[in-house]
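The values are calculated or read from the model by the stated rules, or taken from the named source; none is laboratory data. From a predicted model like this one, the values you see are computed outputs, not experimental measurements. Neighbour counts run over all protein chains shown; Cβ positions are idealised from the backbone, glycine included.
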Amino acid sequence: MIGLFSLGFAALVLTTLDAAVPALLLLLVGFTAIAVLDPIAARRGKAPLFFARLRPVQIPIALVSLAALLALAL
């Protein structure tokens, strides 16, 4: 969890420093990690069970959106 928090915080700091491309890359890494880790946590009982079903549908929308923003920034 601290790793995901750190990625988000670093992306926020980079955004305030006008480094949008590295910030978007960090967010892409973080959301990809969430897509992988949430179903695992749900199966282990460390997250609500609906996470295992919700994240595979929800996270690709965020990833496509971030990839589109990255394409615009480049």
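One table, with the values for the structure above:
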read-out: Failed item, numbered, when A33 is tested on (1) touching a Ser or Thr at 6+ places or on another chain (Cβ under 7 Å); (2) touching a residue at least 24 places away in the same chain (Cβ under 8 Å); (3) small (G, A, S); value: (1)
read-out: Restricting the range 1-34 to residues that are in contact with a Leu (Cβ under 6 Å, 6 or more places away or on another chain) and within 15 Å of A71 (Cα to Cα), the residue that is surrounded by the fewest Cβ atoms within 10 Å (Cβ to Cβ); value: P22
read-out: Residue within the range 16-23 that is at positive phi and at pLDDT 90 or above present; value: yes
read-out: Every pair of residues 6+ apart whose Cβ atoms lie under 6 Å, when the first sits in the range 12-24 and is among the β-branched types (V, I, T) while the second is loosely packed, with under 14 Cβ neighbours inside 10 Å and in a helix (DSSP H, G or I); value: V21/A73
read-out: Residues located in the range 1-58, provided they are assigned to a loop (DSSP other than H, G, I, E, B) and of a type in the set (A, V, I, L, M, F, W, C); value: M1, L17, A19, A47, L49
read-out: Residues of the range 38-63 satisfying the condition of being free of Cβ contacts under 8 Å to residues at least 24 places away in the same chain and buried (at least 16 other Cβ atoms within 10 Å of the Cβ); value: D38, P39, A41, A42, A47, F51, R55
